[in-house]
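Enquirer: Take a look at this one; I'll ask things after.
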Amino acid sequence: MAQPTMLRHMPSRVGRPSRATAPGVDPSDTPRDERWEAALAVTPRDPSGPLHEWLLDQLGTAVTDGTMAPDQILRIEELEEQYGVSRTVVREAVKVLESMSMVASRRRIGIRVLPVESWNVYDPRLIRWRLDGPGRMDQLTSISQLRRGIEPLAARLAAQQADVDHAQALTAAATGMAVAARIPDLIDYLGHDIAFHTTLLRASGNEMIAALAPVVREVLVGRTHHHLMPSVPEPQAVRWHGQVAAAIAGGRVDEAENTMRAIVDESQTAMAAIATADH
């Protein structure tokens, strides 16, 4: 194991943000800032919000983007000075990072940054930080691969056992997506898309599959807020969501599974194409 190193190459004192906006979003691109925040439910970098939440975002991002490297040793007093916060605030933020297995504190040694293999990679906050960093496409690809293994199975299980409430919720979400796509309104579309996939996972009847809903939600949010979503949703993908809802309501297991797989594949292909075009 590499020898721990002291805190290094840190920027000058970090100031708190001057206004609350969805992270990574240019306000000029999103005139309805409040609606964006509500729809995405993204933790705002709000100067009036809890300091430890703000610091948690700062530290989490620094760890996930490699600014704070594995085995690096951090000192509470240095973090106090660097970020202009109290020792209590630093400890609260570090405690959360410890719960995510991103750092480990040792008495008389300091706070050691842990390697990615130790992280709780399913934590939505960690996913969000990784999506905000240089490894965005790697994170999106990882989650898309996970979705490809899970969501078609969830659709199959849902077609076998979904109740009327779940079937109706899926149909309503698919209909909402179709309406929003025609406008187009990507914020409304995202809300219905999240509802569709969350309901799908819960309709599987498997509590472990259902527990992945926050992970899927983060990739859907990340795709929109990092501009990896077409300005007009792909019509075929919209129709496929309706077909999955209908197949589940009708108990057509193979159709539900295969169409759901097509949705996940299309999403990954579209994200990769947009990312490639931007570079």
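The values are calculated or read from the model by the stated rules, or taken from the named source; none is laboratory data. What you see is a predicted model, and the numbers here were worked out from it, not measured in a lab. Glycine also receives a Cβ, built like all others from the backbone with ideal geometry; neighbour counts cover every protein chain displayed. Each accessible area value is taken on the protein alone, full model and side chains, heavy atoms only, with ligands, DNA and RNA left out. Shrake-Rupley method; radii C 1.70, N 1.55, O 1.52, S 1.80 Å.
Enquirer: Residues 37, 92: which one is at pLDDT below 95, out of contact with any strand residue (DSSP E or B) (no Cβ under 7 Å at 6 or more places or on another chain), assigned to a helix (DSSP H, G or I) and of a type in the set (D, E, K, R)?
Expert: 37
Enquirer: Residue by residue through segment 161-178, note down the ones that are open to solvent by less than 70 Å² (accessible area, probe 1.4 Å) and either at pLDDT 95 or above or in contact with a Lys or Arg (Cβ under 9 Å, 6 or more places away or on another chain) (or both).
Expert: 166, 167, 169, 170, 171, 172, 173, 174, 176, 177, 178
Enquirer: So residue 270 passes all but one of these: (1) part of a helix (DSSP H, G or I); (2) surrounded by fewer than 17 Cβ atoms within 10 Å (Cβ to Cβ); (3) of a type in the set (A, V, I, L, M, F, W, C). Which condition number does it fail?
Expert: (2)
Enquirer: Go through the residues of segment 244-252 one by one and say whether even a single one is closer than 25 Å to residue 185 by Cβ, surrounded by fewer than 18 Cβ atoms within 10 Å (Cβ to Cβ) and modelled with pLDDT of 95 or more.
Expert: Among the residues of segment 244-252, at least one is closer than 25 Å to residue 185 by Cβ, surrounded by fewer than 18 Cβ atoms within 10 Å (Cβ to Cβ) and modelled with pLDDT of 95 or more, which makes the answer yes.
Enquirer: Among the residues in segment 205-220, are any open to solvent by less than 30 Å² (accessible area, probe 1.4 Å), of a type in the set (Lys, Arg) and either under 28 Å from residue 63 (Cα atoms) or assigned to a loop (DSSP other than H, G, I, E, B) (or both)?
Expert: No, there is no match, as no residue in segment 205-220 is open to solvent by less than 30 Å² (accessible area, probe 1.4 Å), of a type in the set (Lys, Arg) and either under 28 Å from residue 63 (Cα atoms) or assigned to a loop (DSSP other than H, G, I, E, B) (or both).
Enquirer: Look through segment 95-140, keep the residues that are among the basic types (Lys, Arg), within 30 Å of residue 228 (Cβ to Cβ) and open to solvent by 60 Å² or more (accessible area, probe 1.4 Å), and return whichever of them is modelled with the lowest pLDDT.
Expert: 136
Enquirer: If you take the residues of segment 68-78 that are touching a residue at least 24 places away in the same chain (Cβ under 8 Å) and either of a type in the set (Phe, Trp, Tyr) or in a helix (DSSP H, G or I) (or both), which of them is surrounded by the fewest Cβ atoms within 10 Å (Cβ to Cβ)?
Expert: Going through the qualifying residues, I end up with 76.
Enquirer: Then there's this: Scan segment 105-160 for residues that are farther than 30 Å from residue 250 by Cα, touching a residue at least 40 places away in the same chain (Cβ under 8 Å) and hydroxyl-bearing (Ser, Thr, Tyr) and jot them down.
Expert: Listed by number, the residues that qualify are 122, 141.
Enquirer: Next question. Which is within 18 Å of residue 219 (Cα to Cα), of a type in the set (Gly, Ala, Ser) and touching a helix residue (DSSP H, G or I) at 6+ places or on another chain (Cβ under 6 Å), of 270, 256, 249, 275?
Expert: Answer to the check: 275.
Enquirer: Checking the condition touching an Asp or Glu at 6+ places or on another chain (Cβ under 7 Å) and either in a helix (DSSP H, G or I) or not basic (Lys, Arg) (or both), which residue from 195, 237 passes?
Expert: 237
Enquirer: If you don't mind, another one. Can you tell which of 261, 239 is open to solvent by 40 Å² or more (accessible area, probe 1.4 Å), in contact with a Pro (Cβ under 6 Å, 6 or more places away or on another chain) and among the charged types (D, E, K, R)?
Expert: The match here is 261.
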